[in-house]
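Remarks on the structure that follows.
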Amino acid sequence: MKETFSVKIIVAIGIGAAVFVILGRFAVIPTGIPNTNLETAYPFLALMSVIFGPVAGGLIGFIGHTIKDVTTYGAWWSWIVSSGLIGLVFGLAGRKINLEDGVFGKKEIIRFNIWQVLGNLFVWGGVAPLLDVLIYSEPANKVFLQGIVAALVNSVSVGVIGTLLMVAYAKTRTPKGSLSKRTK
């Protein structure tokens with residue numbers, strides 16, 4: 001399922017992007033650093049990326065962030081690209097996790113969270129500020145501070161909320177090989 005562009009994945013991208021917009025506009029907590037918030041959209045993006053794969057995650061992040069920006073203050077392409085990239089990272093980090101079969105134990109939680117923290121540090125602490133400097137000629141000290149703060153708060157929100165979402169989702173699935181597995 002994660003490898004093909006099925007109707008299910010295309011619908012997931014559309015719904016995922018819409019939910020990303022709503023969460024990104026209405027479920028944020030300001031950090032005190034200008035234009036930098038604790039975002040609840042990224043834990044949701046992590047869940048969708050693990051379920052539907054890295055390409056779907058990247059598109060959900062990219063499309064969702066684009067729509068969010070365009071409907072507020074205008075497109076800020078460095079962070080839009082970074083949202084797509086972090087969705088891709090979440091999906092790659094979740095490649096060995098099978099939430100559909102109800103598998104998300106301690107080993108998967110630890111592995112996913114190590115990768116998501118490293119991904120957040122790379123994307124928000126490096127890529128986004130670098131693109132801000134290259135595209136918009138923003139002051140490096142300002143955007144790297146924003147990026148590091150974003151990396152830290154996104155790591156925490158994905159680590160807590162994202163992990164809870166994935167644990168809850170996995171518990172709704174029937175484990176592979178279970179006698180109670182329904183046939184389709």
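The values are calculated or read from the model by the stated rules, or taken from the named source; none is laboratory data. For clarity, every value in this text was computed on a predicted model and none was experimentally measured. All Cβ positions, glycine included, derive from the backbone under ideal geometry; neighbour counts span all protein chains shown. Only protein heavy atoms, including side chains, enter the accessible area calculation; ligands, DNA and RNA are left aside. Shrake-Rupley method; radii C 1.70, N 1.55, O 1.52, S 1.80 Å.
Observations on the model:
- In the context of the full set of protein chains, residues of the range 7-172 present 45 Å² of accessible surface per residue (probe radius 1.4 Å, heavy atoms only).
- Using only the C-alpha atoms, the convex hull of the range 7-172 corresponds to 98 Å³ per residue.
- Where Asp101, Asp69 fall by accessible area, highest first, once all protein chains stay in place (1.4 Å): Asp101, Asp69
- Each of Trp124, Trp77, Trp115 has its accessible area taken with a 1.4 Å probe; listed largest first, they run Trp115, Trp77, Trp124.
- Kirkwood radius, the range 80-184, all distinct C-alpha pairs, inverse of mean reciprocal distance: 15.1 Å.
- Remark: spin-label model distance Ala18-Ala75 equals 2.2 nm, labels positioned 7 Å along the Cα→Cβ axis.
- Given Lys8/Lys107; Lys96/Lys171; Lys68/Lys106, the pairs whose alpha carbons are separated by over 24 Å: Lys8/Lys107; Lys68/Lys106
- The separation of the range 155-169 from the range 43-92, counted between C-alpha centres, amounts to 17 Å.
- Compared with the alpha-carbon gap, the fully stretched path from Lys107 to Val160 is longer by 17.5 nm at 0.36 nm per residue.
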